[in-house]
Structure formats: C-alpha cells, structure tokens
Amino acid sequence: MALTSHPLLSALRRNPTGAVLIALQIGITLAILVNAAAIVTRAIQKMSRPSGVDTRDTFVMTMVGLSKNFNVYSTSSADLAYLRHLPGVAAASIVFGTPLTDNGSDTSVGRSPGSRGPTVTSALLPVDQQGLRTLDVALIAGRNFRGSEIRVPSAAHPDPRIGEVIVTQALAHALFAHQSALGQTIYVGSHTPSTIIGITRNFMGPQLGQHAYDTVLAPEIVTQYDMYDLLVRTRPGQRAAVFRAAKRHIGTADPNAVIGQAVTFAHAKRLLYSGLRDLAIFLSFLTLVMLALCCLGIFGLGTFNVATRTRQIGIRRALGARRRDIVALFLAENALVVAIGAIFGCLLALAIGQWLTDHDGVARLDPWYLLVGVAILALTSQLAAWQPARRAARIPPSVATRTI
Amino acid sequence: MLEMHNISKVYRTDMIETHALREFSLQVAAGEFVAVSGPSGSGKTTFLNVAGLLETFDGGTYRLDGQDVSGLSDNARARIRNEKIGFVFQSFNLIADLDIFDNVDVPLRYRRMKADERKARITNSLELVGLTSRMRHLPSQLSGGQQQRAAIARAIAGDPALILADEPTGNLDSLMARQIMGLLEKINSMGTTVVLVTHDPELARRAQRNIHVIDGLVADTVAPSDPAARGPHGQTHAESAVD
Ligand SMILES: Nc1ncnc2c1ncn2[C@@H]1O[C@H](COP(=O)(O)OP(=O)(O)O)[C@@H](O)[C@H]1O
Ligand SMILES: [Mg+2]
C-alpha cells in the first residue's frame with residue numbers, strides 16, 4: 001500500500017497544523033543544535049590546547065615610562081637585578097610581548113626575501129638570553145642566544161637587522177616541513193636574512209588563532225617605546241608572594257615609571273579565552289532552551305491529541321488494542337512528525353553551516369554532528385511524547401460505549 | 001457461549017454507589033440471537049460492557065466461550081476482545097481520521113495479521129454489508145446507515161464468535177434500522193452468536209429470545225415455545241412484548 005494512504009498519515013493529514021508547527025520547531029532546533037554543537041566543540045578544542053608555558057608560576061609586569069627623565073636602560077636593569085635576587089624567583093627576563101596576554105606583535109616569516117614566496121604569519125617575541133628559561137620552554141634542537149648576541153637598539157641604531165633567531169617547532173614545520181630547519185636562512189618581516197640557531201618545543205604566542213604556535217624569538221631588548229615587559233617565573237607555589245613583593249617594590253622604585261599592567265599567566269589565559277568561553281556557554285544555554293521548548297511543544301501536541309482523541313482511543317482499546325499498542329501509536333505519530341522536522345532541520349543546518357563557512361570562514365559542518373543531533377532530538381522528543389502516550393494508554397475501553 | 005452467574009457490578013463515585021448489575025445471571029448458547037431490552041438506566045450497557053470485557057465486574061462468575069474470564073490481565077482481555085468479540089455501537093464509533101477500509105482494518109492490525117489476509121477479509125466483509133464501492137470514503141462522507149454497516153463490517157472482519165450490539169439502530173430511521181437488523185440476522189444465520197440491546201419492540205420480536213432487564217436484574221426471559229411460531233419477518237407471540 002502506498003505511503004500516502006498509511007493510516008498514520010491520514011490522522012496527520014486531517015489535522016496538520018499542530019504537527020506542521022512542531023515539525024518546524026524541531027527542524028529549527030535541530031539546525032541550531034547542530035551548528036552550535038560544532039562551534040562549541042571547536043571552542044572547547046581551542047580552549048583545551050596546551051599553552052606550553054608555566055601558567056601557574058609565571059606573571060608579567062608591563063612598565064611604562066612617564067616623563068622625559070625616565071631612563072629605560074637603568075630602570076629596566078635595576079628592576080631585573082632586583083627580581084633576580086628576590087627569594088622565590090626562578091628566572092626573570094625583559095621581553096616585549098608575552099604569551100597568552102594578547103599583547104605582542106605579528107610579523108610575516110618566509111624562506112625568501114620580502115613578499116616573494118609563501119610566508120607564515122608569526123608572533124615576534126624579542127627576548128634576552130634568559131627569555132627561554134623564564135618561559136620554561138625547552139630547546140629541542142640548536143642553542144640559546146648568547147649574551148653578546150642580545151642587541152639593545154637605541155635612537156642611534158633603530159631597527160637593527162636580526163642576525164640569529166630561534167623558532168618554535170610549529171613554525172619550523174610550517175616553513176620547512178620535514179626538512180631540518182636548523183641553520184636555515186629565513187626572512188623575518190624584511191629583506192635581510194636571519195639564521196635559525198635553535199628550535200623550541202611548541203608554546204602559545206600572545207594571541208589565539210590559527211598561528212598560535214608559530215613564534216619567532218629575536219635576541220633583542222626593545223626599548224624605543226619607553227616600555228618593557230618584565231617576565232617572572234617563580235619557584236612552585238611562590239607566585240602569590242613574589243607577585244605581591246615585586247609589585248610593591250617595582251611600582252615605587254622609579255618615580256618616573258609605573259606598572260601599566262601586571263597579570264599572572266593563569267589570569268591572562270582566562271581573559272584570553274573568556275570570549276570563547278562566553279560564546280560556548282551562551283550557545284549551549286540557547287540550545288538547551290530550544291531543546292526544552294521543543295519538548296514542551298511535543299508534550300503539548302501529545303496532550304492535545306490525547307484530549308481530542310479520547311473516544312478514538314477507547315474504540316481502539318475496545319477493538320483489541322493493548323495499552324502498549326496505544327503508546328506505540330502515539331510514539332509512532334510523534335516519530336513521523338520528528339522525522340519530517342529532522343529532514344527539514346538537516347537541510348536548514350547545512351544551509352546555516354554553509355553560510356557560516358562562506359561568511360566567517362568556519363570549518364565545514366561535519367555530517368557526524370547531523371547524525372548525533374538527529375539522534376539526540378529523536379530521543380528527547382520521544383521522551384517528551386512518552387507521558388501523554390502513557391496517559392492515552394490509560395483511557396479505558398468502556399469510553400467507546402459510555403460517551404456519546 | 002456466554003454464561004453469567006450472579007454477576008454484580010458497582011460504580012463508586014465519591015458520593016454514590018450505583019449497583020448497575022446485581023445477581024445478573026444469563027446464559028446464551030452458541031449461535032443464538034438474543035435481544036435485551038429494558039428501561040433506560042436499567043444496566044443494559046453495563047451488561048454488554050461486562051460481557052464484552054470492556055469493564056470488569058465485582059462478583060459472580062462469567063465464562064465466555066468456556067473460559068473463566070475473571071482475573072485476566074488487561075492484555076489478555078484485549079486479546080479476547082480482539083479475537084472473539086465484535087462490537088456494534090449506537091453511535092457507530094468509526095474512527096473519523098480513517099477511511100472505511102482502514103477502519104475495518106483496525107482490529108485486524110491489532111491481531112498482527114498479514115497484509116494480504118487483512119485485505120481479503122476487509123473486502124469480504126465490506127462486500128457482505130454492501131459497501132465495497134465506498135471503502136475509500138471517510139465516515140463523514142457516508143450516511144448513518146452506511147456508517148453502521150461499515151461498523152458491522154469492522155465487527156465481523158475478524159470472524160468473532162460473538163457480536164455485541166448496543167442499540168445499533170438507536171440513531172437510525174426505521175428503514176435503515178430494519179436493514180441493520182437484517183444484516184445482524186444474516187450474520188447470525190452464518191453461525192455467529194448475536195446479543196442485541198434494543199429499545200425497539202419490533203426489532204426485539206425478531207430475535208430468538210428476549211431478555212428484559214430492570215434495575216440490574218434479569219426480570220424475565222421470553223422465548224418462543226415453538227420455533228415455527230417465529231415468522232420469517234420477525235413476527236412472534238404477542239406476549240413477548242417489550243416496553
Ligand atoms: N461509569 C459509571 N459511573 C457511575 N455510574 C454509572 C457508570 N456507568 C453507568 N452508570 C450507572 O449505572 C446504571 C446502569 O447504566 P447503563 O448500564 O448505562 O444503563 P442502560 O444502558 O440500561 O441505560 C445507571 O444508573 C448509570 O447511571
Ligand atoms: Mg445503554
């Protein structure tokens with residue numbers, strides 16, 4: 001028998017408005033559920049990437065000079081000397097830009113000069129010879145900068161060429177794939193060549209995003225902006241005390257300078273991810289609310305159907321339907337509505353996913369999300385229909401003879 | 001076919017107890033055509049509901065087709081309703097969403113019958129009631145008499161041993177009522193036991209036996225002493241009057 005004359009469909013055809021509305025609701029919920037799940041999953045994946053640095057014991061203080069009398073060289077040296085002798089400090093260093101803080105600069109790195117050939121957008125992290133130790137980032141090949149290699153550019157020698165650089169493993173791989181990057185020549189935002197003298201294991205740069213692990217470290221103390229970052233790593237468990245003492249001393253040591261910002265890496269990481277986390281929480285909440293509304297709609301439709309079809313149910317019971325046949329009838333009708341809604345929802349989900357890909361460069365929607373989304377919706381909707389179906393099954397068969 | 005002994009049935013609400021049946025005893029032999037009459041509220045529908053396992057009873061014994069049916073599970077009762085009993089109701093009780101074919105199909109589907117056998121049975125019973133040409137009509141597209149014939153087709157499609165009819169002609173004019181009565185007689189003549197509740201003395205007279213129910217009790221039974229006295233058109237003794 002053709003599907004169009006199946007008894008299940010005839011019931012729906014006779015009173016389609018409620019069913020169509022619920023199917024629409026199911027479809028929209030599914031489309032949002034699936035895309036939200038994909039976005040939330042990506043956000044969680046991003047947030048759970050390893051930072052590669054010691055977030056527990058590290059903090060950074062940005063110093064800002066305030067007057068013409070500010071001498072960046074003497075003040076920074078004094079700060080560094082103080083910090084390195086402070087009990088509880090494992091390492092301290094002057095840097096410009098720090099991981100996780102959203103504070104740092106980008107550059108393009110390529111194997112050929114200028115914009116010839118492909119380049120990789122990377123973070124540029126000027127450090128002194130203590131930089132790697134302070135970051136607690138190990139070298140996996142090559143060597144660290146020597147003290148003699150650290151340049152301190154001045155007004156007389158602005159923007160000196162970078163001679164030696166250290167790159168992260170990710171950047172090395174991005175530039176040279178499986179070739180050895182050590183000793184190779186690269187061009188860091190300029191036409192002058194640099195040599196890779198070391199490769200570190202991966203750690204996250206100042207910013208999130210696609211190139212989070214692509215960082216080039218340059219042996220340089222940047223001072224021309226009358227600003228510098230003091231990076232401090234403490235011995236385990238000493239961070240709070242050291243952080244407090246350092247802020248107190250350095251904040252008042254030079255009347256011509258102030259602490260612009262002082263954050264722990266742990267706090268910086270939370271801040272860095274707060275947008276993503278809020279988005280994930282909002283989308284999850286929105287999806288849950290929509291799912292709940294969907295269940296409410298299904299529950300309402302089921303309740304309405306039971307109320308308006310009491311007599312029919314009694315008749316079916318009189319004709320030999322067992323209670324579970326009545327439950328099955330209502331669940332089957334619900335499943336049909338859900339199926340129609342799910343087909344519509346899948347199409348809508350793909351359309352939304354495509355739109356996100358086109359407009360926001362979000363990765364294409366994985367069909368697995370559709371499959372799991374349909375399964376979740378099918379299950380919850382059947383649960384929502386369950387109670388009215390049970391109520392229907394309790395209608396006694398004598399309804400067939402008793403109500404006119 | 002049907003043996004009821006001292007059946008009692010009490011409806012309890014918060015305020016009142018209604019003894020709808022008390023010490024109700026009745027035996028109906030296989031193949032019999034029995035008419036039940038009595039004043040409104042006397043317990044006729046209650047009797048049919050108990051007989052048809054639509055409701056349980058409170059006391060007494062009831063054997064249906066040789067089987068003691070007290071204490072059966074809800075599923076077992078549904079199965080007996082489905083296999084042994086055909087119901088015909090005063091208000092037809094066709095399912096409005098389904099066309100005539102699908103209506104007749106309902107009890108057969110609950111019997112888990114194969115599609116081709118269902119189809120054969122549906123066509124046969126619709127042919128018997130003369131509705132073959134209307135099987136894709138919805139109930140609302142048929143006259144009352146046609147709807148009741150469809151309901152009879154549904155009642156007999158499963159080939160039940162017993163037909164229980166509760167005032168099946170109550171909503172019909174006398175011409176249609178006689179048609180329905182004729183159909184029930186035809187079905188009875190093919191071996192099915194029929195118990196018919198009716199207000200209509202003319203129709204009751206056409207039954208083999210008349211039961212009179214008053215106040216939940218069988219008041220008297222009138223049977224034709226001589227089967228020959230029961231004419232082909234249902235004329236019978238004057239004393240079998242029901243009112
Ligand atoms: N579900 C019920 N609850 C309470 N009382 C009922 C119920 N069904 C029937 N009754 C009462 O039982 C008595 C018998 O009813 P019924 O069998 O329907 O009579 P009849 O069919 O002969 O008119 C009536 O007094 C009626 O009010
Ligand atoms: Mg009645």
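Details
- Qualifying residue in region B:171-184 (condition: in contact (Cβ under 8 Å) with a residue 40 or more places away in the chain, out of contact with any Pro (no Cβ under 7 Å at 6 or more places or on another chain) and within 16 Å of ligand 1 (Cβ to nearest atom)): yes
- Hits in region B:33-74 - residues which are more than 16 Å from ligand 2 (Cβ to nearest atom), more than 14 Å from every other protein chain (Cβ to nearest Cβ) and surrounded by fewer than 18 Cβ atoms within 10 Å (Cβ to Cβ): B:Asp58, B:Gly59, B:Thr61, B:Arg63, B:Asp65, B:Gly66, B:Gln67, B:Asp68, B:Ser70, B:Gly71
- Options A:Gly341, A:Gly353, A:Gly302: the member that is farther than 25 Å from A:Ser10 by Cβ, part of a helix (DSSP H, G or I) and away from chain B (no Cβ under 14 Å): A:Gly353
- Residue in region A:213-235 that is modelled with pLDDT of 90 or more, of a type outside the set (D, E, K, R), part of a loop (DSSP other than H, G, I, E, B) and buried (at least 18 other Cβ atoms within 10 Å of the Cβ) present: yes
- Some residue of region B:91-108 being part of a helix (DSSP H, G or I), within 16 Å of ligand 2 (Cβ to nearest atom) and hydroxyl-bearing (Ser, Thr, Tyr): no
- Residue in region A:384-392 that is away from ligand 2 (no atom under 16 Å from the Cβ), more than 11 Å from every other protein chain (Cβ to nearest Cβ) and under 26 Å from A:Val40 (Cβ atoms) present: yes
- Looking only at region B:150-179, residues that are surrounded by 24 or more Cβ atoms within 10 Å (Cβ to Cβ) and more than 14 Å from every other protein chain (Cβ to nearest Cβ) come to 1 in all.
- Qualifying residue in region B:75-85 (condition: within 16 Å of ligand 1 (Cβ to nearest atom), more than 19 Å from A:His6 (Cβ to Cβ) and within 13 Å of another protein chain (Cβ to nearest Cβ)): no
- Residue match in region A:40-54 (condition: outside the structural domain of A:Phe203 (by TED's automatic domain parsing), in contact with a helix residue (DSSP H, G or I) (Cβ under 6 Å, 6 or more places away or on another chain), of a type in the set (Val, Ile, Thr) and assigned to a helix (DSSP H, G or I)): yes
- Of all residues in region A:326-338 being crowded, with 18+ Cβ neighbours inside 10 Å and within 14 Å of another protein chain (Cβ to nearest Cβ), the one that is nearest to A:Gly18 (Cα to Cα): A:Glu333
- Meets criteria (of a type in the set (Lys, Arg), within 11 Å of chain A (Cβ to nearest Cβ) and within 16 Å of ligand 2 (Cβ to nearest atom)) for B:Lys119: no
- Residue satisfying condition, being at pLDDT 95 or above and either within 16 Å of ligand 1 (Cβ to nearest atom) or not β-branched (Val, Ile, Thr) (or both), within set A:Ala321, A:Ala307: A:Ala321
- The combined condition, being modelled with pLDDT under 85, among the basic types (Lys, Arg) and under 25 Å from A:Leu231 (Cα atoms), is not fulfilled by A:Arg201.
- When every residue of region B:181-204 is checked against the conditions, none turns out to be charged (D, E, K, R) and within 14 Å of chain A (Cβ to nearest Cβ).
- Residue-level check: of (1) touching a strand residue (DSSP E or B) at 6+ places or on another chain (Cβ under 8 Å); (2) facing another protein chain (nearest Cβ under 10 Å), B:Glu23 misses just (2).
- Contact map, region B:26-55: first residue without any contact (Cβ under 8 Å) to a residue 12 or more places away in the chain and near ligand 1 (Cβ under 9 Å from one of its atoms), second residue hydroxyl-bearing (Ser, Thr, Tyr) and part of a helix (DSSP H, G or I), Cβ cut-off under 7 Å, separation 6 or more or different chains; pairs are B:Asn49/A:Thr401.
- Listed by first and then second residue, the pairs with beta-carbon distance under 7 Å, at least 6 apart or on different chains, first residue in region A:296-323 and at positive phi, second surrounded by 20 or more Cβ atoms within 10 Å (Cβ to Cβ), are A:Gly320/B:Ala78; A:Gly320/B:Arg81; A:Gly320/B:Asn82; A:Gly320/B:Pro107; A:Gly320/B:Tyr110.
- Whichever residue in region B:4-25 is of a type in the set (S, T, N, Q) and within 14 Å of ligand 1 (Cβ to nearest atom) and, among such residues, is nearest to B:Lys186 (Cα to Cα): B:Ser8
- Index of the failed condition, B:Phe89 passing every other in (1) crowded, with 18+ Cβ neighbours inside 10 Å; (2) within 11 Å of ligand 1 (Cβ to nearest atom); (3) within 14 Å of another protein chain (Cβ to nearest Cβ): (2)
- Residue match in region A:309-325 (condition: away from ligand 2 (no atom under 16 Å from the Cβ) and away from every other protein chain (no Cβ under 14 Å)): no
- Of the listed requirements (1) in contact (Cβ under 8 Å) with a residue 24 or more places away in the chain; (2) more than 11 Å from every other protein chain (Cβ to nearest Cβ); (3) more than 16 Å from ligand 1 (Cβ to nearest atom), B:Ala96 misses just one: (2).
- Residue in region B:120-141 that is surrounded by fewer than 16 Cβ atoms within 10 Å (Cβ to Cβ), within 16 Å of ligand 1 (Cβ to nearest atom) and over 20 Å from B:Met1 (Cβ atoms) present: no
The values are calculated or read from the model by the stated rules, or taken from the named source; none is laboratory data. Bear in mind that the values here come from a model prediction, so they are computed numbers and not experimental data. Positions of Cβ are backbone-derived with ideal geometry, glycine not excepted, and every protein chain shown enters the neighbour counts.
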